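Participant: Below: one structure in structure tokens.
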Amino acid sequence: MLFKKRYLISYTLILLVFNLPAQNLTGTWEGDLGNDQFLQLNIIQNGDKICGYSSDHVKADRRSYCKAYFTGYYDKKKGKWLLEGSSFIDNSGGHLLMRMSLGNHFTDGENILEGPSNIKSLFISLLSGGVPEYVYIKKISNRPQQVLERMKDCFPEEKKIKKSVIKKDTIAKVMVPIKQADSTSMVKPVDSIAKIIPPAIITKDSISIPKELVKRKNSEQSHIEVNVKSITLNMYDNAIVDGDTISVFYNGKLLLSHQRLSEKPVIINLELDENQTRHELILFAENLGSIPPNTALIVIYAGTKRYELFSSASLEENAVLVFDYRPAVNK
């Protein structure tokens, strides 16, 4: 009788384990959507429900991209997470909202989500042949790269926290003319939320930064090609606003010192030196905020092109963003 009771208890526990989501999905996931597309999911989990946004692009042509909100839940019978696109945030054209049925497991120590993805519209799906694409993504971070406004309802009520929301009407203007040959050129912030320290008035405190800069490892995290010399950078604290503070160097020169990042952008207008191809922007972490590491979202406008870059710096490693300047050839 005792044996039977133990057996029943064990069997019940096994059923409970198999009917509950095993892992916390909150975080950033990256991988493949089919063979030709890159997919990123930014997820917040609240019990058996999730929400967030997806970002994907065609690997051979980054100009073909989309970004969309999704919601989802855990189907206990199927043992799968069912996700459904709800609305577009951005769409270059031709992209459609999707439905995904994803299983969660560990493989070689990596947390994996995988399963089929179908076009949300049944009619369009039938017209296109109804062949699903396969999703295979890995968890790369325990927090989303960015928490957007519509994701706030995902958080449990008792765990509401301040989140980073990029608002179009909260723009700070910081004009930073870069003159390679003239290190004494003054910089005058206008309606600025950033404190700019030109090389001519670097304080004793900021002189120590380059010495500490070289002690840390440089980690190249983004590399893009631009064909215009005038580019604009909008810098935000990424995901949750937690007090991240950085210093920024452009081609070895100090642009920003002890700048705190927030949901409001610090806007930097750069004039790239036409006499060189490679340009480096180094983000030096002054602290790790309340949630390590020190992360930033940098939205870059170069002519008609727009890029979203993400950086992650620590007290041992600098984040390096590289721009290759290759002027457009007029035909």
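Participant: Select from the stretch 256-273 the residues that are open to solvent by less than 10 Å² (accessible area, probe 1.4 Å) and aliphatic (A, V, I, L, M) and write down the one among them that is farthest from the chain's Cα centre (by Cα).
Facilitator: L272
Participant: From the set of residues in the stretch 81-115 that are over 13 Å from V135 (Cα atoms) and touching a Gly at 6+ places or on another chain (Cβ under 9 Å), which is surrounded by the fewest Cβ atoms within 10 Å (Cβ to Cβ)?
Facilitator: We begin by selecting, within the stretch 81-115, every residue over 13 Å from V135 (Cα atoms); these are 84-97, 105-111.
Narrowing further to those that are touching a Gly at 6+ places or on another chain (Cβ under 9 Å): 84, 96-97, 111.
Details: E84: 14, L96: 16, L97: 19, N111: 19.
Of everything passing the filter in the stretch 81-115, E84 is surrounded by the fewest Cβ atoms within 10 Å (Cβ to Cβ).
Participant: Right, next: Just a yes or no: is a residue in the stretch 276-285 among the acidic types (D, E) and under 19 Å from Y325 (Cα atoms)?
Facilitator: Looking through the stretch 276-285, at least one residue is among the acidic types (D, E) and under 19 Å from Y325 (Cα atoms).
Participant: Next up: Within the stretch 28-38, restricting attention to residues that are within 12 Å of the chain's Cα centre (by Cα) and buried (at least 20 other Cβ atoms within 10 Å of the Cβ), which residue is nearest to I137 (Cα to Cα)? Even if it seems obvious, please write down each step before you answer.
Facilitator: Step one: of the stretch 28-38, the residues within 12 Å of the chain's Cα centre (by Cα) are 28-30.
When the remaining residues are screened for being buried (at least 20 other Cβ atoms within 10 Å of the Cβ), the result is 28-29.
Values: T28: 10, W29: 6 Å.
So, considering only residues that are within 12 Å of the chain's Cα centre (by Cα) and buried (at least 20 other Cβ atoms within 10 Å of the Cβ), the one nearest to I137 (Cα to Cα) is W29.
Condition check ((1) under 30 Å from Y53 (Cβ atoms); (2) at pLDDT 90 or above) across all residues:
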{"residue": "I207", "(1), (2)": "no, no"}
{"residue": "V214", "(1), (2)": "no, no"}
{"residue": "N218", "(1), (2)": "no, no"}
{"residue": "I231", "(1), (2)": "yes, yes"}
{"residue": "M235", "(1), (2)": "yes, yes"}
{"residue": "I240", "(1), (2)": "yes, no"}
{"residue": "I246", "(1), (2)": "yes, yes"}
{"residue": "N251", "(1), (2)": "no, no"}
{"residue": "L255", "(1), (2)": "no, no"}
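Participant: Grab the strands (runs of 3 or more DSSP E) fully contained in the stretch 16-130, keeping just those with 1 or more residues being among the charged types (D, E, K, R) and modelled with pLDDT of 85 or more.
Facilitator: The qualifying strands (runs of 3 or more DSSP E) are 27-33, 49-58, 61-75, 80-91, 98-107, 110-119.
Participant: Also: Touching a Pro at 6+ places or on another chain (Cβ under 7 Å), closer than 30 Å to I44 by Cα and not basic (K, R) - does that describe any residue in the stretch 314-322?
Facilitator: yes
The values are calculated or read from the model by the stated rules, or taken from the named source; none is laboratory data. Nothing here was measured: the structure is a model prediction, and the numbers come from that model. Virtual Cβ from ideal backbone geometry, glycine too; neighbours counted across all protein chains shown. Just so you know, the surface numbers come from the protein's heavy atoms only, side chains and all, with ligands and any DNA or RNA stripped out. Shrake-Rupley method; radii C 1.70, N 1.55, O 1.52, S 1.80 Å.
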